[in-house]
1. Extension gain Glu17-Ala109, at 0.36 nm per residue separation less the Cα-Cα distance, in nm?
2. Taking 0.36 nm per residue of sequence separation and subtracting the Cα-Cα distance, how much length would be gained by fully extending the chain between Arg90 and Ser64, in nm to one decimal?
3. Please rank Met48, Met59, fewest neighbouring Cβ atoms within 10 Å first, as an exposure proxy.
4. How would the stretch 39-126 be classified by its alpha-carbon gyration tensor: rounded, prolate or oblate, with rounded meaning a/c under 1.5 and the a/b versus b/c comparison settling the rest?
5. In what order do Phe110, Phe22, Phe126 fall by count of nearby beta-carbon atoms within 10 Å, going from fewest to most?
6. Taking 0.36 nm per residue of sequence separation and subtracting the Cα-Cα distance, how much length would be gained by fully extending the chain between Ala47 and Glu119, in nm to one decimal?
7. Using Cα pairs closer than 8 Å and at least 6 residues apart in sequence, work out the relative contact order for the stretch 102-153, in percent.
Amino acid sequence: MIDTKFERMAWDDSIWEGTREFYLQIENLPKDLWEENCPDENQPTRAMLLEMISILDGMERLVSLAEAEVLEENPLLKNWLTSILGLQRRMANSLERVGVVPIPSLGRAFDPHIHEAVEIAPVEGFPPATVIRVQEKPYRWGETILRVGKVVVTPKGTPVSPTIEG
């Protein structure tokens with residue numbers, strides 16, 4: 001049931017002044033409190049950046065599946081691949097402009113802070129705990145690790161046991 005005593009409030013100058021004063025108080029908040037409550041609309045979010053990286057991964061997989069012989073036989077597919085490469089380059093450049101860059105990993109020592117070992121494969125000629133294949137690149141956003149990379153590494157070396165002289 002509708003309460004008959006309820007009346008709609010008319011918008012008048014006192015309400016406008018109260019609203020204006022409220023926003024002026026908010027604008028005078030300390031900078032750290034203001035930034036905490038009102039994030040910069042121009043800054044990308046972590047979720048959005050991870051989604052862009054996922055799309056970039058998909059483009060890289062498409063490019064890696066392209067076979068040179070098939071592309072030479074079909075100019076339409078070759079043009080398609082060229083377009084995908086262009087989009088891939090543009091997206092990588094866009095990410096770089098906001099400070100998101102891949103972390104080089106291939107041939108480097110495994111680092112549990114930036115890598116997740118999804119497979120261990122012994123390969124001759126590589127030192128122990130070396131990244132030999134990158135399934136998903138790790139990414140850094142400024143000084144923060146945005147995404148941990150999924151890598152294949154060589155096994156850790158067998159620890160040398162100390163000899164006891166007696």
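1. Net length gain for the segment: 26.8 nm.
2. Fully extending the segment from Arg90 to Ser64 adds 7.6 nm.
3. Met48, Met59
4. oblate
5. Phe22, Phe126, Phe110
6. Full extension of this stretch gives 23.2 nm more.
7. Dividing the mean separation by the residue count of the stretch 102-153 yields 47 percent.
Any read-out appearing in this document is the output of simple, stated calculations on the displayed coordinates, not a laboratory observation. These numbers come from a predicted model, not from an experiment. Cβ coordinates were reconstructed from backbone atoms using ideal geometry, including for glycine residues, and neighbour counts include every protein chain displayed.
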